[in-house]
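> Right, I'll just put the structure down here and ask away after.
Just so you know, all these numbers are worked out from the coordinates, no wet-lab data involved. Since the structure is predicted, the reported quantities are computational estimates derived from the model, not experimental observations. Heads up, the Cβs are rebuilt from the backbone with ideal geometry, glycines too, and the neighbour counts pull from every protein chain shown.
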Amino acid sequence: KPSLSVKDLHVSIEEKEILKGFGIDVKGGEIHAIMGPNGTGKSTLASALMGHPNYEVTSGEATFNGEDLFEMEVDERARAGLFLAMQYPSEVSGVTNADFIRSAMNADRSEDDQVSLMQFIRKIDDKMGMLEIDQSFQHRYLNEGFSGGEKKRNEILQLLMLEPKIAILDEIDSGLDIDALKVVAKGINELRSDDFGCMIITHYQRLLNYIQPDYVHVMMQGRIVKSGGPELAQKLEEQGYDWIKEELGIED
Ligand code: ADP
Ligand code: MG
Ligand code: MG
């Protein structure tokens, strides 16, 4: 089973410590939701794990399938099966969406095991149909001129095409209407298996109405302060975060 294990992670941006002892274990077959108020370091966590150069890991460790994640090159992490969908995906000019996905699919395959054009087309047609994505998407440049909702669907398309081992989805639900939300949830649910683990970072509980997480973690001030099952997300929806702050004596 794939695994991502993070222990006592400390991360700084411009000398300011944002993550202060974050830890989590994600294994194949598990969906973890990470929730928390704005500014607690959720996106910082995602960026640090993917190796964004502005985020300095000052201490702690992370292993991906037993290997030291921070010793792996950034593209190596993706090729090994770690997938990150960003809160603010970048636009890349001059590469069509289909080309991007196909080269990413082939990047971790040996020369005689490349995905053929026919196989690729069959698969992308199938997934685009499922996600109710327009055919013209394939030929558009990556994320260029995509609306917020289109970017999110496109990330789920990439997810379904690449079939990563562990995915980190940062605010994949932000700005989506209910129909788009259901489509995104359907895509993630389709991947559920022992060979796939997922960390869903979200501010709101509503996505979790459609994707039942196995674990829910609350993040505050750079670390997980409370963990539970789906009922914890429900309680956060009803009562907000203040009761946790009071319970733990956290001030902000
Ligand atoms: P969340 O995703 O939980 O809303 P972020 O990880 O985006 O939180 O931000 C955590 C903290 O780090 C915030 O105080 C934010 O202002 C700060 N921060 C995030 N990105 C940067 C950056 N590029 N430069 C400086 N500070 C940043
Ligand atoms: Mg934020
Ligand atoms: Mg964020």
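> For helix 117-130, report the angle its Cα long axis makes with the longest principal axis of the Cα atoms of the chain; keep it between 0 and 90° and round to the nearest 10°.
50 degrees
> Rg (Å, one decimal) plus Dmax (Å, integer) for the alpha carbons of the chain?
Over the chain's Cα set, Rg and Dmax evaluate to 18.1, 59 Å.
> In degrees, nearest 10, range 0 to 90: what is the angle between the Cα axis of helix 178-191 and the longest Cα principal axis of the chain?
80 degrees
> While we're on this one: Taking neighbour counts of Cβ atoms within 10 Å as a proxy for exposure, in what order, fewest first, do HIS10, HIS217 appear?
Details: HIS10 18, HIS217 23.
Going from least to most buried by this count: HIS10, HIS217.
> A follow-up question, please. Apply the Karplus parameterisation 6.51 cos²θ - 1.76 cosθ + 1.60, with θ equal to phi minus 60°, to every residue of the stretch 215-224 and state each ³J(HN,Hα) to the nearest whole Hz, in sequence, with x for glycine and proline.
9, 10, 10, 9, 10, 9, 6, x, 7, 7
> Would you mind ranking VAL95, VAL183 so that the residue whose beta carbon has the fewest other beta carbons within 10 Å leads the list? Numbers along the way, then the final one.
Numbers: VAL95 14, VAL183 19.
So the ranking, lowest neighbour count to highest, is VAL95, VAL183.
> Also: Counting DSSP beta bridges with both partners in the chain, what percentage is antiparallel, nearest 5?
Details: 26 of 44 bridges.
Within the chain, antiparallel bridges account for around 60 percent of the total.
> Shifting gears a bit: Rounded to the nearest 20 Debye, what is the dipole magnitude of the chain about its Cα centre when Lys and Arg each give +1 and Asp and Glu each give -1 at the C-beta?
Magnitude of the dipole: close to 460 debye.
> Here is the link list: LYS7/LYS182; LYS1/LYS123; LYS1/LYS186. Which ones come out longer than 27 Å on Cα distance?
On the way: LYS7/LYS182 33 Å; LYS1/LYS123 24 Å; LYS1/LYS186 23 Å.
Cα-Cα > 27 Å for LYS7/LYS182; rest within.
> Right, here's the next one. How would you rank MET220, MET130, going from fewest to most other Cβ atoms within 10 Å of each one's own Cβ? Before the final figure, lay out each step's value.
Details: MET220 20, MET130 15.
Lowest to highest Cβ neighbour count: MET130, MET220.
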